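> This is the structure I want to talk about, given as structure tokens.
The values are calculated or read from the model by the stated rules, or taken from the named source; none is laboratory data. Since this is a predicted model, take the numbers as computed values, not measurements. Here the Cβ positions follow ideal geometry from the backbone for every residue, glycine too, while neighbour counts run over all protein chains shown. Surface accessibility is based on the protein's heavy atoms, side chains included, excluding ligands, DNA and RNA. Shrake-Rupley method; radii C 1.70, N 1.55, O 1.52, S 1.80 Å.
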Amino acid sequence: MAPLGKLLSSVFLALAWASATSAAPGPLKPHTHSTHHTRSIGTRGLQVEVYNPPSSFETFGEGLAQPESFAGGGLSSEARSFVSNRLRVDQSTVEYRSGFEAARGTRHAYVRQRANGIPFANAVANVAFKGNRVVTFGSSFVRPSRIASATPTVDLQSVLPTIEEQLEGKWNNHPASLEYLARPDGTAALAHVVQIQNLEANTWYEAFVDAHSGELLSVTDFSAEASYRVLPLTKQDLREGLELLVDPHDPLSSPDGWHSGTTVTAGNNVVAYKGTQASTTSQSADGLVFDYTYNTAVAPAQAPNVDAARTNAFYAINTVHDIAYRYGFTEASFNFQNDNFGKGGSGNDRVLMSVQDSSGTNNANFATPPDGQSGTCRMYIWTTTSPNRDGSLNNDIIVHEMTHGITNRLTGGGTARCLQTTESRGMGEGWSDALAEWTEQKSEVIADFVLAPYVTNNPAGIRTRPYSTNSTTNPLRYSNVAGQSVVHRIGEIWANILHNVYASLVGQYGWSPVAFTNIDGREGNIVYAHLFFDSLALQPCNPTFVQARDAWIQADLNRYDGANKCLLWAQFASKGLGVNARNFVDDFSVPADC
Ligand SMILES: [Ca+2]
Ligand SMILES: [Ca+2]
Ligand SMILES: [Ca+2]
Ligand SMILES: [Zn+2]
């Protein structure tokens, strides 16, 4: 039995709540979306219902003046005074937990409910002060119908093996604690709180174990990962095999994740769909699992292939978004996002990724309107094989298309009007091939690159020649632009020049396996990507080959103090883009100081 004092404080709490003002949350509600979440755990699909009491929230504009008696005690004291007064509960039931002072003098305090000297895990409140006035107040404090005894009758050690077995992990030795847990039936349970982790499965839970029954009451999932069966971006196409990737999003580039609260292939950066934007792929299991295999024996449009296609397209566009973000294609530089998180640029323009689009075959395209309007990518079925093949399982096609969006937005400041001449559109095709090639490198080995051999089942791919450092394999030069009006053929000339620039930089500085997320390395593939993105924003509207070359040279001066000037000139000049190149007449000379 609990000591008398503790019983009294429980009684006091219940009475206090009976006279609470409208500021307090109302009676506990039946099951609702905002308070309950059923979590499926582990390989056996254990169902655990997680409950959080409803939160009230009030905003006070210019703020509520606080009584003089509250002031001057510091944030902890002021917050506890306000909360206990506002909710009409004893100050001993309000425990200060944390706080900080933000920009412009706003002070934030976080408190939690306490009973019998023990804190609640899920009954909390937050107060913001501006000066000495309260500007907001949120609370999920509860009015329990019954509060369990503060003294455990089941000790943790005796039930730990069962909990570990249920959660398919092990206690990670983080000290266990004792907390109250507000329950959906209106009672407050006493819980042992213990962390259970499984390093192999990448799971990490905080378990709430009833200290009087030993029952697993609730869990906190620290990992919040998502998983997708896809072609990692370094793989070219389906022949290399799908893999289940866990949590591939880059938290710097996509701070709100890829789904923005949905459980389908739609989020802040892209919606991947077929037919209508509502026709997305749903998670295959709770917890943002998108695990769809691909059956090569049946047509792309047949299950499960369309789900595999939407999942891979969603993954690939998001991944290119995240990589490009690191290298400078951000909200402020006109990227594709619905929510720009207040970081500049125009939002509401995530990529609309139409998978197995019915408007064509044997191709793909990307339409780039100005910043603030969604880019639209149409991916088609390829019909030369039986069964047909799907461009959405060919990563270099997806990256090629997404790169059109990047180059059209970064050149000329987001107007989408600055890659419109034959020459600049041609280079647009080249940048798209070149970035696809860059993403599919797996080592420092420089190999010839063939674009999209899978969809046509043709080892020669869909361009006239491989991109190569061997000028017999690929003899294209600047002068080949003359008289060429097919933009993809012009693109091949530019992409082959960039292939040679890439090869030279990697030969000089080596290759980083983490270039997608670590942009600070000095390896050649990272240097290349920086110059690639930097030059796009520098070059003029509707650039020529000569101007695009000059933008690379200047980008290197800006970022690396010109450390690579002569390396770059050597590669450009080797393809006829030397210092005196103009009007599609080759020149092989480099500056005098190189
Ligand atoms: Ca995670
Ligand atoms: Ca994550
Ligand atoms: Ca935008
Ligand atoms: Zn293209």
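> Rank these residues by their accessible area, most exposed first, probe 1.4 Å: Val219, Val450. Write down the numbers at each step before the final one.
On the way: Val219 5, Val450 35 Å².
Correct descending sequence by accessible area is Val450, Val219.
> Okay, next question. Of the heavy-atom accessible surface of the stretch 153-277 (probe 1.4 angstrom), what whole percent is carbon and sulfur?
52 percent
> Separate question: Pick out, from Tyr273, Thr517, Tyr294, the residue whose Cα sits farthest towards the positive end of the charge dipole of the chain, with +1 on the Cβ of Lys and Arg and -1 on the Cβ of Asp and Glu.
About the Cα centre, the residue reaching furthest to the positive side is Tyr273.
> How many angstrom lie between the Cα centre of the stretch 202-251 and the Cα centre of the stretch 389-434?
So the separation of the two Cα centres works out to 33 Å.
> I've got another one for you. Inverting the mean 1/r over all pairs of different Cα atoms, compute the Kirkwood radius of the stretch 149-221 and quote it in Å.
Result for the stretch 149-221, one decimal place: 12.3 Å.
> Rounded to the nearest 5, what % of DSSP beta bridges with both residues in the chain are antiparallel?
Once the DSSP bridges in the chain are tallied, antiparallel ones form about 85 percent.
> Hey, which aspartates and glutamates would be in cross-link range of Lys274, C-alpha to C-alpha under 14 Å, not counting anything within fewer than 8 residues on its own chain?
Leaving aside aspartates and glutamates fewer than 8 places away in the same chain, those within reach of Lys274 are Asp307, Asp357, Asp390.
> Could you work out how far helix 565-574 tilts from the main Cα principal axis of the chain, as a 0 to 90 degree angle to the nearest 10?
Between the helix axis and the principal axis of the chain, the angle is about 50 degrees.
> Taking 0.36 nm per residue of sequence separation and subtracting the Cα-Cα distance, how much length would be gained by fully extending the chain between Leu199 and Asn362, in nm to one decimal? Provide the component values of the computation, followed by the final result.
Numbers: separation 163, 0.36 × 163 = 58.68 nm, distance 4.38 nm.
54.3 nm is the gain from fully extending Leu199 to Asn362.
> Excluding Arg549 itself, calculate the net charge of residues whose Cβ lies under 14 Å from the Cβ of Arg549, where each Lys or Arg counts +1 and each Asp or Glu counts -1.
-2
> Oh, and also: Ranked by accessible surface with a 1.4 Å probe, highest first, in what order do Arg559, Arg350, Arg465 come?
Ranked list, largest accessible area first: Arg559, Arg465, Arg350.
> Over the chain, with the other protein chains present, what is the accessible area per residue in square angstrom, probe 1.4 angstrom?
Value for the chain: 42 Å² per residue.
> Using Cα pairs under 8 angstrom and six or more residues apart, how large is the relative contact order of the chain, in percent?
Reported relative contact order: 8 percent.
> Could you tell me the convex hull volume per residue, in Å³, taken over the Cα atoms of the stretch 435-479?
So the per-residue hull volume is 98 Å³.
> What's the long-distance tail for the stretch 419-594, i.e. % of Cα pairs beyond 28 Å?
Here the tail beyond 28 Å accounts for 17 percent of pairs.
> A 29 angstrom limit on the alpha carbon distance is what I want to check against. Which of Lys442/Lys565; Lys130/Lys343; Lys235/Lys343; Lys170/Lys442 exceed it?
Lys235/Lys343; Lys170/Lys442
> If you don't mind, there's one more thing I want to ask. Tell me the net charge near Tyr528. Cut-off is 13 Å between Cβ atoms, Tyr528 excluded, with +1 for each Lys or Arg and -1 for each Asp or Glu.
Numbers: positive: Arg522, Arg559; negative: Glu437, Glu444, Glu523, Asp534, Asp556.
Computed value for this residue: -3.
> Sorted by accessible area with a 1.4 angstrom probe, largest first, how do Asp534, Asp593 fall?
Asp593, Asp534
> Ser158 versus Thr415, label points 7 Å from Cα toward the beta carbon: distance in nm?
It works out to 7.7 nm between the two label points.
> I've got another one for you. How big is the dipole moment of the chain about its Cα centre under a simple scheme where the beta carbon of each Lys and Arg is +1, that of each Asp and Glu is -1, and everything else is neutral? Debye, nearest 20, please.
So the dipole magnitude of the chain works out to roughly 1060 debye.
> Follow-up. For the stretch 365-501, max minus min Cα coordinate along each principal axis, in Å, sorted largest first?
41, 40, 32
> Then there is this: If you count only protein heavy atoms and use a 1.4 Å probe, how large is the accessible surface of Lys130, to the nearest 10 Å²?
Surface open to solvent at Lys130 totals about 110 Å².
> Taking R0 as 51 Å, what FRET efficiency do you get between Ala592 and Ser260 from their Cβ-Cβ distance, rounded to the nearest 0.05?
After rounding, the FRET efficiency stands at 0.40.
> Just how many % of Cα pairs in the chain lie over 37 Å apart, if you round to the nearest whole percent? Provide the component values of the computation, followed by the final result.
Values: 84476 of 176121 pairs.
Tail of the P(r) past 37 Å holds 48 percent of the pairs.
> In square angstrom, rounded to the nearest 10, how much accessible surface does Leu75 have for a 1.4 Å probe?
Approximately 30 Å² of Leu75 is accessible to the 1.4 Å probe.
> Rounded, prolate or oblate: pick one for the stretch 498-540, where a ≥ b ≥ c are the square roots of the eigenvalues of its C-alpha gyration tensor, a/c under 1.5 means rounded, and failing that, prolate if a/b is larger than b/c, else oblate. Could the numbers behind the result be given before it?
On the way: a/c = 2.66, a/b = 1.34, b/c = 1.98.
Oblate, because a/c is 1.5 or more while a/b does not exceed b/c.
> Something else: If amide H atoms are built 1.01 Å from N in the plane of the peptide, which residues on other chains or at least 5 residues away come under 5 Å of the amide H of Asp586?
Amide H neighbours of Asp586, under 5 Å, 5+ apart: Ser479.
> May I pose another question? Name the cysteines of the chain that stand alone by the Cβ rule: no other cysteine Cβ under 4.7 angstrom.
Among the cysteines of the chain, those whose Cβ sits 4.7 Å or more from every other are Cys377.
> Would you pull out the residues with amide H under 5 Å of Asp237's amide H, same chain only if 5 or more places away, H placed 1.01 Å from N?
Under 5 Å from the amide H of Asp237: Asn395.
> Please express the Cα-Cα pair-distance distribution P(r) of the stretch 225-413 as a list of whole percents, one per 5 Å bin, running from 0 to the bin with the greatest distance.
1, 9, 18, 23, 21, 15, 8, 3, 1, 0
> Give, as a single signed number, the net charge of other residues whose beta carbon lies under 12 Å from the beta carbon of Lys235, with Lys and Arg counted +1 and Asp and Glu -1.
My count for the surroundings of Lys235 gives -3.
> Further question on the same structure: Using a simple charge model, +1 on the beta-carbon of Lys and Arg, -1 on the beta-carbon of Asp and Glu, nothing else, what dipole does the stretch 149-221 show about its Cα centre, in debye to the nearest 20?
160 debye
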